[in-house]
Amino acid sequence: MEKEVEYISDGNHNYLRINCGDERKNSYSFKMVTENTIKGLLPSRTRFVNGNTYLYYEIQSKQALYYRYETKEMDYEALKNIFYQLCFLGEELEKYLLDFKDIVFDEKYIYQNIETGETYFLFYPDKDEKQSFAVFMEYIVKKIDHKDAKAVQISYQLYDLSRQEHILIKEIKRLFEEEIVEVKTENKETNIKESNINIWKQEEKREWVTDEKDVRESVEWKYKDFGEEIIKEKEEKSKLRDIFIPSILCIVLTILICIKISFKLTYYEETLLIAGMVVDIGTFVVYLIHRLWKKNNKNKKESVQEINVFEKENLSLYGNSVEEKLKQNPDWNYFEQEKEEEYGKTVFMEPEAENILCGLGKHEKIIIKLEKFPFSIGKLKEEADYVLKDNSISRLHARFYQEGKNVYLVDLNSTNGTYKNGFKIPPNEKLLLEEGDEITFGKIRFCYR
């Protein structure tokens, strides 16, 4: 099958092309598929090129299941989406008297529209060698998110069905319908249980701890919160004190000054007034000095803690010298000392390939580092490893691969295409990259190095 498949770009459209031969072009199945629009099938039409008959399947803006789930797993919703639409397609094919077995069950030829969530299958009639439904289910089982219990359960049930001689659409549909009924029942039971628990708590107005571990954890949790509340309360009191004390001293000084100006005082009264002013000013100065000393002491402690953390993280480089000096003199500052350590002989490091994309033109500030492989580029965050926010970029635009020391680029049926040195890359084909190549995604240009 793979040897007969070609990917063709025709203007603004991408096609999957298969040479069907003259003997099949007049068959009932071919005519029904090419002359009717059957929902769930890739749109197809017949073309004659150089005396050969080809089937052209439009795959523009659609992603093959293989590429979409190459770097991620399927959850229950993704699984339900695929097989619900497969069941619907089976019912549609029955209306046209078409054989369900003529669907190509190969993850490379099953496509999805990421925007709408629709799944499209390739229908290729009268073909002897097609991947069976059982082999396709082996792929699905491998791609299931094994943390999703529902997905695991139903995927293995589908796998069991695939081992049967005939594929029964009704059986596949029944599995998902039963799952929905079970989920609804579980939700009702859960809601009843939760409501009963809430009523019981309201009546009893207390919480029960059944285990020694639970007791310890609950106590630790309460004391943790209690400690945090105390710290917050102390901080609030400290802030209020910092505002309240200077304000009171200023108010007292202002009152004393007003009394001296407004009233005629005796020598004894004036002496007491001046003494009060001196005490007030002295108190303010002492308070200010105390605050500055406290702040300075706090900063020293923080710097010592930072040095300790820095030294512990770098003991392999600097040994225990800093730790010893800190014990002898807590005020010693690591960053103010001269470094006299010997680091040994310089070791030559062989340069490694950078594997980065440097933006060109108005996008020169964009630098993409290919840190892992496969590495995807697109504008949909859930699908791409790096998001390019531009209207010319597809949701899942292109993907990079590494084989040995070589890096390859694949265009994933993007709407505006991917170009290497000005030439458009055919979709779903690996193309070797070399240092200095100019790569264009839509309207955004990069230099690979």
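The values are calculated or read from the model by the stated rules, or taken from the named source; none is laboratory data. Only a predicted model underlies this, so the values are computations on that prediction, with no experimental measurement involved. Every residue, glycine as well, gets a Cβ built from its backbone with ideal geometry; the counts of neighbours run over all protein chains shown. Remember, those area values only see protein heavy atoms, side chains included, never the ligands or the DNA or RNA. Shrake-Rupley method; radii C 1.70, N 1.55, O 1.52, S 1.80 Å.
Mind scanning K362/K389; K405/K430; K362/K405; K369/K389; K39/K424; K80/K142 and naming the pairs with a C-alpha gap bigger than 19 Å? Please report the intermediate quantities before stating the final value.
Working: K362/K389 14 Å; K405/K430 15 Å; K362/K405 31 Å; K369/K389 17 Å; K39/K424 31 Å; K80/K142 16 Å.
Where the Cα-Cα span goes over 19 Å, the pairs concerned are K362/K405; K39/K424.
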Seminar exercise, completed: Whole-Å distance linking the alpha carbon centroid of region 88-103 with that of region 130-155 is 22
For this session: Apply the Karplus parameterisation 6.51 cos²θ - 1.76 cosθ + 1.60, with θ equal to phi minus 60°, to every residue of region 158-163 and state each ³J(HN,Hα) to the nearest whole Hz, in sequence, with x for glycine and proline.
Result: 5, 4, 4, 5, 5, 7
Exercise. Based on Cβ point charges of +1 for Lys and Arg and -1 for Asp and Glu, what charge dipole magnitude is obtained for region 47-117 about its Cα centre, in debye rounded to the nearest 20?
Worked result: 240
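Let me check something: with ligands and nucleic acids excluded, how do R445, R17, R399 order by accessible area (1.4 Å probe), largest to smallest?
Values: R445 90, R17 30, R399 0 Å².
Descending accessible area places them as R445, R17, R399.
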Problem set entry | J(HN,Hα) series, region 34-51, from Karplus relation 6.51 cos²θ - 1.76 cosθ + 1.60, nearest Hz, glycine and proline x | 7, 9, 10, 9, 9, 5, x, 9, 4, x, 9, 8, 8, 9, 10, 10, 6, x
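Under 9 Å from the Cβ of Y56, count the other residues' Cβ atoms, weight Lys and Arg +1, Asp and Glu -1, and hand me the total.
Net charge around Y56: +1.
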Seminar exercise, completed: Highest mean packing first, using Cβ neighbours within 10 angstrom, the peptides 101-107, 39-45, 166-172 sort as 101-107, 39-45, 166-172
Exercise. Considering only the other residues whose Cβ falls under 11 Å of the Cβ of L431, what net charge follows from Lys and Arg at +1 and Asp and Glu at -1?
Worked result: -1
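May I ask for the net charge around G276, where only other residues with Cβ less than 11 Å from the Cβ of G276 are counted and Lys, Arg are +1 while Asp, Glu are -1? Don't skip to the end; give the middle numbers.
Details: positive: K260; negative: E269, E270, D280.
Charge balance in the 11 Å sphere: -2.
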Problem set entry | Estimated inter-spin distance, K170 and N19, nm [label 7 Å along Cα→Cβ] | 4.3
